[in-house]
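Peer 1: Just dropping this structure here.
Each reported figure results from applying straightforward, stated rules to the coordinates on display, with no laboratory input. In this text, all values refer to a predicted model and were calculated from it rather than measured experimentally. Here the Cβ positions follow ideal geometry from the backbone for every residue, glycine too, while neighbour counts run over all protein chains shown.
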Amino acid sequence: MKKKKYLALFLVAIWVALLFTGCNKGKYGEDTKVKSEEITHSLVQALAEGAYEKAADDFLYTTKAKEEMDAQSLERLWEKLSDGKGDFREIAGLEDDNWDKELKIIVTCSFEKGTAELVVAFDRTVKIKSIYPG
């Protein structure tokens, strides 16, 4: 009888562990979201100020992203994003989008003549994986 009780408790413990593991899959903690939003805000400010070297060198990128995100490519990206929209005004909004292997921050950039979206994707270690127009 005692063995059945322990077996039942063991099975309940496994079930609870699996339940919580399944619920957290693909979710990032609040600290990760806050940190990635802060990084995104600083990155967009650097791009808007034309500090492309700073944007390329002062932020943590994944190895692959670091190879692709040099100052020239970031400058081209920002020019494409802001083309025909005038001077940058402000970040009009930040929205996060959770996926299993990355967290995407969608930035609404406000310019003199309109808005544009920029997406900054992070891995689980809060390194930038990619940056692209939304």
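Peer 1: State the three equivalent ellipsoid semi-axes of the range 94-134, derived from the C-alpha gyration tensor as the square roots of 5 times its eigenvalues, in descending order and whole Å.
Peer 2: The three semi-axes for the range 94-134 are 22, 9, 7 Å.
Peer 1: Checking the cross-link filter: which aspartates and glutamates have an alpha carbon closer than 20 Å to that of K35, excluding same-chain neighbours under 8 positions apart?
Peer 2: In chain and number order, the partners are D57, D58, E90, E95, D96, D97, D100, E102, E117, D123.
Peer 1: Using the Karplus equation 6.51 cos²θ - 1.76 cosθ + 1.60 (θ = phi - 60°), what ³J(HN,Hα) coupling, rounded to whole Hz, does each residue of the range 84-90 give in order, writing x for Gly and Pro?
Peer 2: Per residue, the Karplus-derived 3J(HN,Hα) values read x, 9, x, 6, 5, 9, 6 Hz.
Peer 1: Same structure again: Please arrange R76, R89 by counting, for each residue, the other beta carbons lying within 10 Å of its beta carbon, fewest first.
Peer 2: So the ranking, lowest neighbour count to highest, is R76, R89.
Peer 1: With the Cα gyration tensor of the range 30-125 in hand, convert its eigenvalues to equivalent ellipsoid semi-axes via √(5λ) and list them largest first in whole Å.
Peer 2: Listed largest to smallest, the semi-axes of the range 30-125 are 21, 17, 11 Å.
Peer 1: Where in the range 39-108 are there chymotrypsin sites (Phe, Trp or Tyr not before Pro) that are in a DSSP coil and have at most 16 other Cβ atoms within 10 angstrom of their Cβ?
Peer 2: W99
Peer 1: Loop only per DSSP, at most 14 neighbouring Cβ atoms within 10 Å: give me the GluC sites (Glu not before Pro) in the range 99-131, ordered by residue number.
Peer 2: Loop-located and lightly packed - E112.
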